[in-house]
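Here's the structure we're looking at; comments come further down.
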Amino acid sequence: MSQPISVYLNSILVKRRGKTVLGPIDLDLKVDGFTILLGPNGSGKTTFLRILHGVERASSGVMQWSMPNEQAHQAQAYVFQSPIMLRRSVRQNLAYPLQLIGMDKDEISSRVSEWAQKIGLQDALEFPAPRLSGGEKQKLALGRALIRMPDVLFLDEPCANLDGRSTREIEDLLHDATQVGTRIIMTTHDLGQARRLADSVLFLLNGTLHEKGPASIFFAMPRTIEAKAFLNGDIIE
Amino acid sequence: MNEIWAGIQEAVRLIFSLDADLIGITLRSLEVSLTALVIASALALPFGTWLAIRRFKYRRFAIAVLNALMGLPPVVVGLVVYLMLSRSGPFGVLGLLFTPFAMIIAQVIIITPLIASITHQAMRELWSEYHDLLISLNTSKRQRVAALIWDGRRTLMTAALAGFGRAIGEVGAIMIVGGNIDHVTRVLTTAIALETGKGDFALALGLGFVLIALTLMVNFAIHALSRTEREGTW
Ligand SMILES: Nc1ncnc2c1ncn2[C@@H]1O[C@H](COP(=O)(O)OP(=O)(O)OP(=O)(O)O)[C@@H](O)[C@H]1O
Ligand SMILES: [Mg+2]
């Protein structure tokens, strides 16, 4: 296993159009195993992930990874809530992240075949990615994110719109990834999935971090009434 | 009516007998417009792309200027180029007036804003689609531009074709700066205008057919390109 990774946030605040969307957040997060980000719609989960990954900037506050930012970013990958497909074939979508880092052609093509197999798209390699079904796009986006073997993988609702079988396939892929040292930070609305996968939980509500801790404790005895209500499936205001 | 019918017959004969005048004029037209297209594309494609992905203070203003330039009346462009190149103008010493070079300059001025504007729109759309992914993959600036240009290549070609279509069919500006001199600056559109004025419908119609054929080919190509783009079949 590689060295431990953590991220430190000090009064991170995100304002959009004069409205506070996220924060202030103070957090010292050890990124390890499987971290699940929970919270109702609009609570700021996507914003939080995007800030962590650096695709969006906070309005104020400080964030520091346990390594230089450039190096941290290079070792991360992100699967967006709605998958972004390059207007190219499935094969070229998978190969693209590897071409960017100048990997040699033979190595790329063997990795691409391997990952196409893993995501079940081995027979669609020459198919234009934008024309895949929604679920296939999600799998391709996941494969493209994992193909560089990132240290940290962010996932924003990777299983929304997927049926039970595809969800299990993806969970298996994620499990395999954690086995080879990829840490995962993921949002989900599926509490069953959260229970299956989570090592630790972050609970967001109205843009603030309400609760954080090991999954076993969070699910068994949430400290706040809001978290309790959320786990019961109640509507929280 | 008879006169027109005879004109059409004669026009068809001119085309199939590969009439020397007709071929010469067509080739000159292609030469001028294709040269203008290459120069305009070399300016407009990078500029339109740059405008789409770069945030700077006067961006909106630049886009407004670009759109205004697109609406420039060609005749006025012709007039301005004429004044610049005429003997008493700032570039008069170069002796470029009434040469194909002057026509190329006028056409470049006319089609560059058009190509840049279409490029800008297409690239902005693609950039907003790709933005998050390209940032996430930690791409360099150069890699981003490469990805946009490669994946937007069909729209870029469409933009170029639209520019070519406009250039080859343009008459006002090149008439003024080229002077429609036989064997020197006479091209399809100016020749048609002249022959029609003289009442020689045969050559005018023959040239007209060639022009229509070229324009149709350009439009079919644009259509085919945008269809493959829409349906994602490549
Ligand atoms: N650019 C923006 N401008 C204005 N409001 C924004 C912007 N981005 C996000 N928001 C608002 O911030 C809030 C949090 O958004 P976010 O996407 O982070 O929520 P989420 O927890 O991911 O929701 P969901 O579960 O529906 O995906 C929402 O109310 C959203 O409308
Ligand atoms: Mg979200």
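Within the stretch A:93-112, the residues that satisfy the criterion of being surrounded by 12 or more Cβ atoms within 10 Å (Cβ to Cβ) and touching a residue at least 12 places away in the same chain (Cβ under 8 Å) are A:ASN93, A:LEU94, A:ALA95, A:TYR96, A:PRO97, A:LEU98, A:ILE108, A:SER109, A:ARG111, A:VAL112. Going residue by residue through the stretch A:168-187, is there one that turns out to be within 16 Å of ligand 2 (Cβ to nearest atom), β-branched (Val, Ile, Thr) and at pLDDT 90 or above? Scanning the stretch A:168-187 turns up at least one residue that is within 16 Å of ligand 2 (Cβ to nearest atom), β-branched (Val, Ile, Thr) and at pLDDT 90 or above.
Each row is one residue, and each column tells you yes or no for (1) under 19 Å from the mean Cα position of the chain (by Cα); (2) surrounded by fewer than 21 Cβ atoms within 10 Å (Cβ to Cβ); (3) assigned to a helix (DSSP H, G or I).
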residue	(1), (2), (3)
B:ALA162	yes, yes, yes
B:GLU170	yes, no, no
B:VAL177	yes, no, yes
B:LEU203	no, no, yes
B:ASN219	yes, yes, yes
B:ARG227	no, yes, yes
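Which residues, taken from the stretch A:74-128, are over 23 Å from the mean Cα position of the chain (by Cα), more than 14 Å from chain B (Cβ to nearest Cβ) and over 11 Å from A:LEU140 (Cβ atoms)? Within the stretch A:74-128, A:ASP104, A:LYS105, A:ASP106, A:GLU107, A:ILE108, A:SER109, A:SER110, A:SER113, A:GLN122, A:ASP123 meet the criteria. Within the stretch A:188-207, the set of residues being among the hydroxyl-bearing types (Ser, Thr, Tyr) and within 15 Å of ligand 2 (Cβ to nearest atom) comprises A:THR188 only.
Only one entry in A:ALA116, A:ALA160 is within 16 Å of ligand 1 (Cβ to nearest atom) and among the small types (Gly, Ala, Ser), namely A:ALA160.
Residues being closer than 23 Å to B:THR185 by Cβ, surrounded by 10 or more Cβ atoms within 10 Å (Cβ to Cβ) and of a type outside the set (Gly, Ala, Ser): count how many of those fall in the stretch B:1-25. Count: 7.
Would you check if there is a residue in the stretch A:78-92 being assigned to a helix (DSSP H, G or I), open to solvent by less than 70 Å² (accessible area, probe 1.4 Å) and modelled with pLDDT of 90 or more? Checking the stretch A:78-92: at least one residue is assigned to a helix (DSSP H, G or I), open to solvent by less than 70 Å² (accessible area, probe 1.4 Å) and modelled with pLDDT of 90 or more. In the stretch A:196-237, what residues are within 13 Å of A:PRO40 (Cβ to Cβ) and either of a type in the set (Asp, Glu) or not in a loop (DSSP other than H, G, I, E, B) (or both)? Selection gives A:PHE203, A:LEU204, A:LEU205, A:THR208, A:HIS210, A:GLU226, A:ALA227, A:ALA229, A:PHE230, A:LEU231, A:ASP234, A:GLU237. When the stretch B:179-201 is filtered for residues that are hydroxyl-bearing (Ser, Thr, Tyr) and assigned to a helix (DSSP H, G or I), the ones remaining, listed by number, are B:THR189, B:THR190, B:THR196. Can A:ILE51 be described as closer than 30 Å to A:LEU162 by Cβ, within 14 Å of another protein chain (Cβ to nearest Cβ) and within 16 Å of ligand 1 (Cβ to nearest atom)? Spelling it out, A:ILE51 is indeed closer than 30 Å to A:LEU162 by Cβ, within 14 Å of another protein chain (Cβ to nearest Cβ) and within 16 Å of ligand 1 (Cβ to nearest atom).
Out of the residues in the stretch A:64-83 that are of a type in the set (A, V, I, L, M) and away from ligand 1 (no atom under 16 Å from the Cβ), state the one that is nearest to A:TRP115 (Cα to Cα).
Among those residues, the one meeting the criterion is A:ALA77.
Can you tell me which residues in the stretch A:77-100 are within 16 Å of ligand 2 (Cβ to nearest atom) and not small (Gly, Ala, Ser)? Within the stretch A:77-100, A:TYR78, A:VAL79, A:PHE80, A:GLN81, A:PRO83, A:ILE84 meet the criteria.
Condition first: more than 26 Å from B:THR139 (Cβ to Cβ), among the polar types (S, T, N, Q) and under 19 Å from the mean Cα position of the chain (by Cα). Now tell me which residues in the stretch A:7-62 satisfy that. Once the filter is applied, which keeps residues that are more than 26 Å from B:THR139 (Cβ to Cβ), among the polar types (S, T, N, Q) and under 19 Å from the mean Cα position of the chain (by Cα), the stretch A:7-62 yields A:THR35, A:ASN41, A:SER43. Taken as a whole, the condition of being open to solvent by 10 Å² or more (accessible area, probe 1.4 Å), under 23 Å from A:SER166 (Cβ atoms) and away from chain B (no Cβ under 14 Å) does not apply to A:SER11.
Applying the condition of being in a helix (DSSP H, G or I) and over 14 Å from A:PHE34 (Cβ atoms) to the stretch A:163-195 and asking which residue is most open to solvent (accessible area, probe 1.4 Å) yields A:ARG165. Of the residues making up the stretch A:23-76, those that are open to solvent by less than 50 Å² (accessible area, probe 1.4 Å), in a loop (DSSP other than H, G, I, E, B) and within 16 Å of ligand 2 (Cβ to nearest atom) are A:GLY39, A:PRO40, A:SER43, A:GLY44, A:VAL55, A:GLU56. Here is a check on your reading of the model: is B:ARG166 of a type outside the set (Gly, Ala, Ser), closer than 23 Å to B:TYR82 by Cα and touching a helix residue (DSSP H, G or I) at 6+ places or on another chain (Cβ under 9 Å)? So B:ARG166 passes the test.
Beta carbons closer than 6 Å, at least 6 apart along the sequence or on distinct chains, pair a first residue in the stretch A:137-159 that is on the phi < 0 side of the Ramachandran plot with a second that is of a type in the set (Lys, Arg) and open to solvent by less than 10 Å² (accessible area, probe 1.4 Å) for A:VAL152/A:ARG183.
The values are calculated or read from the model by the stated rules, or taken from the named source; none is laboratory data. In this text, all values refer to a predicted model and were calculated from it rather than measured experimentally. Neighbour counts run over all protein chains shown; Cβ positions are idealised from the backbone, glycine included. These accessible areas exclude ligands, DNA and RNA; they are computed on the full protein's heavy atoms, side chains included. Shrake-Rupley method; radii C 1.70, N 1.55, O 1.52, S 1.80 Å.
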